[in-house]
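Novice: The following block contains the structure, expressed as structure tokens.
The values are calculated or read from the model by the stated rules, or taken from the named source; none is laboratory data. Bear in mind the structure is a predicted one, so any value in this text is a computation, not a measurement. Here the Cβ is made from the backbone with ideal geometry for all residues, glycine too, and neighbour counts use every protein chain on show. For accessibility, only protein heavy atoms count, side chains too; no ligands or nucleic acids. Shrake-Rupley method; radii C 1.70, N 1.55, O 1.52, S 1.80 Å.
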Amino acid sequence: LPEKYTDYLKNYKHKRRWQIKDRERQIYKMFDSVNVEFCTLKDSKYLIDTLFNLHKQRWEIARNEKSTFYNEYRKKFNNAFISRCKEDDVLFSLVKINNEIASIMYMFIYKNNLFYYQNGWLPKYSKYSIGLFHIYKVIDYSINKKYDTFDLLRGDENYKLKLKSENRKTYTLLYFNISFTGTIIRILYTIIQNIWPVIKKIYFLKNSKK
């Protein structure tokens, strides 16, 4: 990350910088109260519930299909996971509009790097690009806190491509024993890796018609 937020914005062309600033001006102008907050683990259970609920709402309305993130097992896992984290390992951020939580971000801190994991927002604020507004606010916060990087993690989502300042490759290293069993596992793994995306697509297409 650069030393100043204005330096970060210089990564964009003039038109894009104007759009970012104009969106921010419009949001502050449109509502009586707009606050960006950063939260500790003290209220983590409530924050995790809020994250899952908002993600579910925005996903199902925007994509007209069931959320791939929302399920009770994943919620329990995240609650259990962060209960074992130190205070400065996890960071939540909220955008409150007129005292209502409009957007939430869930992040991790490791070796002075901030890692974005998941977010959610109320669909009624989508027309204001509240998700992007929030991310830019968190980037500004990250720069002020002197984090080395703000990492969006893996993904080819359009907003990540717009926000990135550099690409990093992600590698998966797998080792299979040189044996009959190892060979069978390797073949099965290869088959599953190739057919799983097709099965997933068929499943969501089927469920979206319900």
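Novice: Can you tell me the dipole magnitude for segment 1-157 around its Cα centre, using point charges on the Cβ only (Lys, Arg +1; Asp, Glu -1), in Debye to the nearest 20?
Specialist: 380
Novice: In addition: Determine the per residue accessible area of the chain with all protein chains present and a 1.4 angstrom probe, expressed in square angstrom.
Specialist: Normalised by residue count, the accessible surface of the chain is 68 Å².
Novice: Find the centroid of the Cα atoms in segment 40-85 and in segment 97-134, then give the distance between the two in whole Å.
Specialist: Using only Cα atoms, the two centres lie 13 Å from each other.
Novice: What angle do you read, to the nearest 10 degrees and between 0 and 90, between the alpha-carbon axis of helix 44-63 and the longest principal axis of the chain?
Specialist: The answer is roughly 80 degrees.
Novice: Straight-line reach from Lys56: which aspartates and glutamates fall under 18 Å, measuring Cα to Cα and dropping same-chain residues less than 8 apart?
Specialist: The reachable aspartates and glutamates, counting only those whose Cα sits under 18 Å from Lys56, are Glu65, Glu72, Glu100, Glu157.
Novice: Still on this structure, please answer the following. Output the Kirkwood hydrodynamic radius of segment 108-153, Cα pairs only, in Å rounded to one decimal.
Specialist: 11.4
Novice: Still on this structure, I have one more. May I have the extent of the alpha carbons of the chain along their three principal axes, as whole Å values ordered from largest to smallest?
Specialist: Taking the Cα atoms of the chain, the three principal extents are 66, 43, 39 Å.
Novice: Taking all protein chains as present, what is the carbon and sulfur share of the accessible area of segment 77-122, in % to the nearest whole number, probe 1.4 Å?
Specialist: 54
Novice: Just to confirm the number: angle between the C-alpha axis of helix 14-30 and the first principal axis of the chain, 0 to 90 degrees, nearest 10?
Specialist: The two axes meet at around 70 degrees.
Novice: I'd like the antiparallel share, as a percent to the nearest 5, of DSSP beta bridges with both residues in the chain.
Specialist: Taking every DSSP beta bridge with both residues in the chain, the antiparallel ones total about 90 percent.
Novice: In addition: For segment 79-118, what is the relative contact order in percent, using Cα pairs closer than 8 Å and at least 6 residues apart in sequence?
Specialist: 29
Novice: Give me the Kirkwood hydrodynamic radius of segment 1-109, using the inverse of the mean 1/r over all pairs of distinct Cα atoms, in Å to one decimal.
Specialist: One over the average 1/r among Cα pairs gives 16.3 Å for segment 1-109.
Novice: With θ taken as phi - 60° and the coefficients 6.51, -1.76 and 1.60, list the Karplus ³J(HN,Hα) couplings across segment 85-100 in order, rounded to whole Hz; mark glycine and proline as x.
Specialist: 7, 7, 4, 9, 8, 10, 9, 10, 10, 10, 10, 10, 10, 6, 6, 9
Novice: Enter the angle in degrees (range 0 to 90, nearest 10) between the Cα long axis of helix 72-83 and the first principal axis of the Cα atoms of the chain, meaning the one along which they spread out most.
Specialist: 70
Novice: In the structure displayed, which of Lys76/Lys146; Lys45/Lys111; Lys21/Lys76 lie more than 28 Å apart, Cα to Cα?
Specialist: Lys76/Lys146; Lys21/Lys76
Novice: Specify which residue in the list Ser67, Phe108, Ala80 is farthest towards the positive end of the charge dipole of segment 66-143, using unit charges on the beta carbon of Lys, Arg (+1) and Asp, Glu (-1), about the Cα centre.
Specialist: Result: Ser67, furthest along the dipole toward the positive end.
Novice: Between Lys86 and Glu72, what is the label-to-label distance in nm when each label sits 7 Å out along the Cα-to-Cβ direction?
Specialist: Label at Lys86, label at Glu72, 3.5 nm between them.
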